[in-house]
Every structure is written in structure tokens, then in C-alpha cells.
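Report on the structure given below.
The values are calculated or read from the model by the stated rules, or taken from the named source; none is laboratory data. In this text the structure is predicted, and so the values were computed from the model without any measurement. Heads up, the Cβs are rebuilt from the backbone with ideal geometry, glycines too, and the neighbour counts pull from every protein chain shown.
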Amino acid sequence: MFPLRLRDVRFQPNGRAILDGVDLELGGEGITLVLGPNGAGKTVLLRTLCGLLEPSSGSIDWGGGGRPELGVTMVFQHPMMLRASVLENVALALKPHGIARRERHQRAAKVLERVGLAARAGDSARQLSGGERQRLALARAWVTAPRLLLLDEPTASLDPSATAAVERIVREIRTDGTRILMTTHNLGQATRLGDDVVFMSAGRVREHAPVQRFFARPSSEEARLFIQGELPWRMNF
Ligand SMILES: Nc1ncnc2c1ncn2[C@@H]1O[C@H](COP(=O)(O)OP(=O)(O)OP(=O)(O)O)[C@@H](O)[C@H]1O
């Protein structure tokens, strides 16, 4: 599946360029943070990689082949919970993988322990708080051991302790061998979690750099201004 190469990828519904010629290459390991101002096309990029949106033109090369049917999973900013128990929400994610019901439940129970939701296994998933929902959504993805996990602002509406819990889980998923591509507006989070940064604006990738270098010496003026606009806010708290 890797290296994953995007060449001149465009998404232009009704002629408006949402992705305006994205070039990007991703190796098989680590956590890549996708940063950029509102409307830059970050979510659209993730949805395109997930197969939810079809590019208007350009090519996406998954390590020499097409997008694998299983192995790419996306967790949305506001994940939908099935009207079922917490355990069932996780176990059902394994159904397309052809795993028997009993084993689905066993694997789901193990993952729920890892995200700190074992005690809630029998509760209705729809009763969970925002932070618990995000942890459940991550468990649903993790249980399938995806090769690539796409996370769209997973901590956008969470308090600091729920955010820290999600960050810990994301690190563990990565340690288990999953490649992660994640959007965030939290620059502190980017420095805590990221190996590298993809900076987007106006539908294009302007910069792709190791996280320290991006924050210390952004190569574009636009990235520098973006960082300056955000960092004082982060440092005041
Ligand atoms: N399926 C779609 N069809 C047409 N336009 C879309 C579609 N999805 C998103 N857009 C538009 O594409 C632009 C980029 O949206 P996107 O959600 O990718 O931005 P973003 O960088 O994730 O921004 P934010 O940081 O605010 O979440 C927006 O103007 C949005 O309205």
C-alpha cells in the first residue's frame, strides 16, 4: 500500500477547485498531521483517500496498485454510533473481515480495554459522552488493524483530559503498525503527535516537512504566517 503517491489530484465539483493539484508522497510509517486554514481542503483530502470522494483528475498510487478494499479506515469528527451496545459497535466493524461472531466479540472486548471503555461494553453507545464516543470510534477502527487510518479532527470538541486520552490511543495505534494521517487545528497536538506535517492551503499541499523543521523553519511565507497566527493562542494557555 506504501509509498502512497498522489500526483496532481484535483477535486472540482461544479468547476470549483477544492483540491487544486495535490502532490504528496507518504511512506509506510508514522503519524502525519495535515494542517492548514479552514477550507483548505484537508477533510476533502482524507475523504478522497478513504474512497468517499472521487477525484476529478490526477492519480493515486497505492504502492503500485489501486486502493485496497479493506485496510483504509476513516474516523470522522462527529462519529455516528449504531443503535447498539458499545461492544456491538466495535464487533460489527469486524463483520466485513469475515470473522466469526464469537471471535468478533472477543477482539472487541480486548480493544475496549485498551481504550478504557471495558466497563461500558454493555451500555448503549448512544449514551456515551463526546470523549467516550471518540474513544469508541477509535476502538472501532483499531479492532480492524487498518494499514492506514484517517482521523479528521478527532479532538476538536474535547476537553484537555479527553484530548490527552485520544492522543494516547492514537500513539498506541501507531505503535501497533498503523499508518496515521490526521487533521487538527491544535498546533500543540501536532508537535506532540506528529512525525511530519503536511501544510495545505487553497486545495494544495504547500509544504511537507518533519514536524520540528516545519515549526522552526517553515519554508513558505504562508506557513510562517499560519504558525504565527496560531502559536500565541496556544502559548497563552
Ligand atoms: N463533497 C463536496 N462537494 C463540494 N464541495 C465540498 C465537498 N466537501 C467539502 N467541500 C468544500 O470544500 C472546501 C474545503 O472543505 P474541507 O472540509 O476539506 O476544508 P478543511 O480544510 O477540512 O477545513 P476545516 O479546517 O474548516 O475543517 C469547503 O469550501 C467545502 O465547502
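Just wondering, is there one or more residues in region 95-111 that are buried (at least 19 other Cβ atoms within 10 Å of the Cβ) and touching a Pro at 6+ places or on another chain (Cβ under 7 Å)?
There is no residue in region 95-111 that is buried (at least 19 other Cβ atoms within 10 Å of the Cβ) and touching a Pro at 6+ places or on another chain (Cβ under 7 Å).
Hey, could you check region 1-21 for residues that are more than 8 Å from the ligand (Cβ to nearest atom) and among the charged types (D, E, K, R) and say which is nearest to residue 211 (Cα to Cα)?
This residue is 5.
Just a yes or no: is a residue in region 161-175 within 16 Å of the chain's Cα centre (by Cα) and modelled with pLDDT under 95?
No: zero hits.
For the list (1) under 30 Å from residue 68 (Cα atoms); (2) not in a helix (DSSP H, G or I), I need the number of the one condition that residue 135 fails.
In the conditions (1) under 30 Å from residue 68 (Cα atoms); (2) not in a helix (DSSP H, G or I), residue 135 misses (2) alone.
On the given criteria, is residue 24 under 18 Å from residue 200 (Cβ atoms), surrounded by 18 or more Cβ atoms within 10 Å (Cβ to Cβ) and away from the ligand (no atom under 13 Å from the Cβ)?
Criteria met by residue 24.
When region 48-70 is examined, which residues are found to be more than 9 Å from residue 11 (Cβ to Cβ) and either within 8 Å of the ligand (Cβ to nearest atom) or among the acidic types (Asp, Glu) (or both)?
61, 69
Out of 71, 116, I need the residue that is under 22 Å from the mean Cα position of the chain (by Cα) and closer than 15 Å to residue 141 by Cβ. Which one?
Testing whether each residue is under 22 Å from the mean Cα position of the chain (by Cα) and closer than 15 Å to residue 141 by Cβ leaves just 71.
In region 112-155, what residues are among the polar types (S, T, N, Q) and surrounded by fewer than 18 Cβ atoms within 10 Å (Cβ to Cβ)?
Scanning region 112-155 gives 124, 127, 129.
Filter region 27-40 down to residues that are within 14 Å of the ligand (Cβ to nearest atom) and under 22 Å from residue 170 (Cβ atoms) and give me whichever is surrounded by the fewest Cβ atoms within 10 Å (Cβ to Cβ).
40
Examine region 105-113 for a residue that is modelled with pLDDT of 95 or more, outside any helix (DSSP H, G or I) and under 17 Å from residue 81 (Cα atoms), and state whether such a residue exists.
Taking every residue of region 105-113 in turn, none turns out to be modelled with pLDDT of 95 or more, outside any helix (DSSP H, G or I) and under 17 Å from residue 81 (Cα atoms).
Do we have any residue at all in region 154-170 that's touching a residue at least 60 places away in the same chain (Cβ under 8 Å) and in a helix (DSSP H, G or I)?
yes
Is it the case that some residue within region 83-102 is away from the ligand (no atom under 15 Å from the Cβ), in a strand (DSSP E or B) and more than 19 Å from the chain's Cα centre (by Cα)?
Checked region 83-102: at least one residue is away from the ligand (no atom under 15 Å from the Cβ), in a strand (DSSP E or B) and more than 19 Å from the chain's Cα centre (by Cα).
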